[in-house]
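Any read-out appearing in this document is the output of simple, stated calculations on the displayed coordinates, not a laboratory observation. Everything numeric in this text was worked out from a predicted model, so none of it was measured. All Cβ positions, glycine included, derive from the backbone under ideal geometry; neighbour counts span all protein chains shown.
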Amino acid sequence: MNHPRHRRPDGVDPVARSRSRRRALQAIYAWQISRADERELIAQFAHEQAHEVADLAYFEDLVRGVLRHVKALDTALVDHLDRGIDEVDAIERAALRIAAYELIHRSDVPYRVVINEAIDSTKRFGSEHGHTYVNGVLDKAAAILRGVEAKR
């Protein structure tokens, strides 16, 4: 159960959200490899997530959002990539897609949180320097997708 002291005044538990993002990264990675059905994917990872402190609703929103908007997310990222989206490492690609979803569809999450979470997840699961690539792409993407916020 989430401990109340971890919650922000708006009721969000940042630790649970971070765990949800990591699980979403794993789910999106798995989907990129297998193209599994959305319900099966969510059920598999939600079951695993039930055993740890996580925000299940946020996890489901991220996974469903990425799967439903993947073409638009890729389009939002393509100008900031140095190669085709399918040539980007699968972990980095999953992190970028989740972050693009949050930048576009989750304006309640500050862009710096989105970028930091993507970097942290990529450091944890990706290649040695993958987080540097993700950081560079998302800095450029955030300037376009969240221009007003990023200029503050």
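In percent, rounded to a whole number, the relative contact order of the chain is 21, using alpha-carbon pairs under 8 Å and six or more apart.
Here the peptides 67-78, 31-42 are ranked by packing, the mean other Cβ count within 10 Å, and the order with the highest first is 67-78, 31-42.
Radius of gyration over Kirkwood radius for the range 103-152, both on Cα atoms: the Rg/Rh ratio is 1.00.
Could you give the length gained on full extension between Val78 and Ala57, defined as 0.36 nm per residue of separation minus the Cα-Cα distance, in nm? Let's see the in-between values first.
Numbers: separation 21, 0.36 × 21 = 7.56 nm, distance 2.85 nm.
Here the segment from Val78 to Ala57 would lengthen by 4.7 nm.
Backbone phi angles across the range 92-108, fed through the Karplus curve with coefficients 6.51, -1.76 and 1.60 (θ = phi - 60°), yield HN-Hα couplings of 4, 4, 5, 4, 5, 5, 5, 5, 4, 4, 5, 4, 7, 10, 10, 5, 6 Hz in residue order; Gly and Pro are listed as x.
Taking Cα centre as origin and charging only the Cβ of basic (Lys, Arg, +1) and acidic (Asp, Glu, -1) residues, the dipole magnitude of the range 11-151 rounds to 180 debye.
Here the Karplus relation 6.51 cos²θ - 1.76 cosθ + 1.60, evaluated at θ = phi - 60°, turns the backbone of the range 120-134 into coupling constants of 4, 5, 5, 4, 6, 10, x, 6, 4, 10, x, 5, 5, 5, 4 Hz, with x for every Gly and Pro. Rg over Rh for the chain works out to 0.95, using Cα positions for both radii and the Kirkwood form for Rh. Packing around the peptides 83-94, 15-26, taken as the average count of other Cβ atoms within 10 Å per residue, puts them in this order, highest first: 15-26, 83-94.
With contacts taken as Cα pairs under 8 Å at a separation of at least 6 residues, the range 87-152 carries a relative contact order of 36 percent.
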